[in-house]
Amino acid sequence: MSELNKIALKILSNGKGILAADESNGTMTKRLDSVAVPSTSENRLLFRETLFSSEGMKKCIGGVILYDETIKQISKSKKTVPELIYEAGAVPGIKVDTGVKVLAGSPEEKITEGLDGLRERLEEYYKLGARFTKWRGVYNISNKYPSKLSIHSNAHALARYSALVQECGMVPIVEPEVLMDGNHSAEDCFNKTSEVIRKCFEELTLHKIDLSGIILKPNMILAGANSDKKISNEETAKLTLKCLKENVPPNVPGIAFLSGGQTEVGATENLNLINKYNDTNFIMTYSYGRALQQSALKFWSKDITNVEGTQKVFNHRASMCTLAAQGKWSVELEGQ
Ligand code: 13P
């Protein structure tokens, strides 16, 4: 078993999942604005530290994705954030892309940037304690999109990123996110997501990536948010499994889904069904941002000194997701 495979398994095994706390300062400011809390670096740390020192963190979270600001912050207890995460038994990770820009040649689409100087940044993050990383490519669905150009260029960037990350001794999360925005059907989502994932693995293979040392972070198969042809959770689970079975090489150890705008309970229910029907060897777990933090953030915003109360809300959400990662969740447990 390679070192990278061991790290991936440590993050994903036993129902554990990933807390995606890597919102950029811009995105975190939007989240804090929405609950009327000033977006200062102190407040951003305070909320995150509240989650990182919770029971739910110890019991449920195998890895945390951090943002550049957070990985360098010192907590109230004078420990660095990566130290706090290791203490809770989880692995610190870091978002290393620098965001999306308009794709030249197809201006309605996006390309993810951040390859320049990446080798050097990775060395710095490794020294700070990171052992895994994240890079997100984004794709929009419409009649024309995603284009071949977007599918190809984002896959190429994901592969170049992965090669540098593995060279530095870390596990790359490969995140090709086909967005839920739009009125497309679930069938469109299935077809486009399949094409996107297939191309990613073609490029990863070309760039000699050790596939046993990556984590795939895909979207689930859903109809567009504005579609009037929504599908059931059962259908989402079955189509998601079919898409992954057909397009992900079997030596990939695990798949950690993004929540992508689903509700907290919706993202939990879909993950639970995916695990109920999972007839693959892939670990299927979560790497949720909003679907793990939304309620906790709302609660916290009413009194940002209420650590215990906020942790209680987070503990509940994390434990529901961890049950879902084992196919043991049921809606009755939500009411407790
Ligand atoms: P959401 O679960 O909120 O989609 O965030 C996950 C993530 O890391 C997106 O890049």
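The values are calculated or read from the model by the stated rules, or taken from the named source; none is laboratory data. All figures in this text were calculated on a predicted structure; none of them were measured in a lab. We place every Cβ from the backbone using ideal geometry, glycine too, and count neighbours over all the protein chains shown. SASA here: full protein model, heavy atoms, side chains in, ligands and nucleic acids out. Shrake-Rupley method; radii C 1.70, N 1.55, O 1.52, S 1.80 Å.
Before moving on, here are some points about what is shown:
- Measuring r between the beta carbons of Asn25 and Leu115 and using R0 = 25 Å, the FRET efficiency lands at 0.75.
- Taking amide H as placed 1.01 Å from N in the peptide plane, the amide H of Val91 sits under 5 Å from that of Gly63, Val64, each at least 5 places away or on another chain.
- Calculated log₁₀ intensity ratio I(q)/I(0) where the Debye formula runs over C-alpha points of region 112-162, q = 0.15, 0.28 Å⁻¹: -0.50, -1.09
- With all protein chains in place and ligands, DNA and RNA left out, the 1.4 Å accessible area ranks Arg119, Arg48 as Arg119, Arg48, largest first.
- Computed across the chain, the Kirkwood hydrodynamic radius from all distinct Cα-Cα pairs reaches 19.9 Å.
- Kirkwood-type radius of region 199-336, with distances r between different C-alpha atoms, in Å: 16.2 Å
- For region 224-234, putting each phi into the Karplus relation 6.51 cos²θ - 1.76 cosθ + 1.60 with θ = phi - 60° gives couplings of x, 4, 9, 6, 9, 10, 5, 10, 6, 4, 4 Hz, in residue order, rounded to whole numbers and with x for Gly and Pro.
- Amide proton proximity set for Gly114, modelled H, under 5 Å, gap of 5+: Thr98
- Distance between region 201-218 and region 68-136 - C-alpha centres, whole angstrom: 19 Å
- Semi-axes of the equivalent ellipsoid for region 47-191, computed as √(5λ) from the eigenvalues of its C-alpha gyration tensor and ordered from largest down, come to 32, 19, 12 Å.
- Unsatisfied cross-links (Cα-Cα over 30 Å) in the set Lys101/Lys312; Lys76/Lys134; Lys199/Lys229: Lys101/Lys312
- Eigenvalues of the alpha-carbon gyration tensor of region 5-99, scaled by 5 and square-rooted, set the equivalent ellipsoid semi-axes at 23, 15, 12 angstrom, largest first.
- Under Karplus coefficients 6.51, -1.76 and 1.60, residue-wise ³J(HN,Hα) of region 87-97 in Hz, glycine/proline x: 4, 7, x, 10, 9, x, x, 9, 6, 10, 6
- Divide the volume of the convex hull around the Cα atoms of region 176-220 by the residue count and you get 65 Å³ per residue.
- The length gained by stretching the chain between Ser295 and Lys101 to full extension, at 0.36 nm per residue less their Cα-Cα distance, is 66.8 nm.
- Relative contact order for region 143-234: 40 percent, from Cα pairs under 8 Å spaced at least 6 residues apart, divided by residue count.
- Convex hull of Cα atoms in region 167-256, direction-averaged projection (nm²): 5.8 nm²
- What separates the Cα centres of region 25-62 and region 259-336 is a distance of 16 Å.
- When the listed pairs Lys78/Lys127; Lys30/Lys276; Lys6/Lys148 are checked against a 27 Å cut-off, the alpha-carbon distance exceeds it for Lys30/Lys276; Lys6/Lys148.
- Förster radius 30 Å - calculated FRET efficiency between Thr80 and Tyr277, Cβ distance, rounded to 0.05: 0.15
- Over 19 Å between alpha carbons, listed pairs Lys10/Lys217; Lys59/Lys217; Lys16/Lys59; Lys59/Lys302; Lys16/Lys328: Lys59/Lys217; Lys59/Lys302
- Nearest-20 debye value, region 44-119 charge dipole, Cβ charges on Lys, Arg, Asp, Glu: 380 debye
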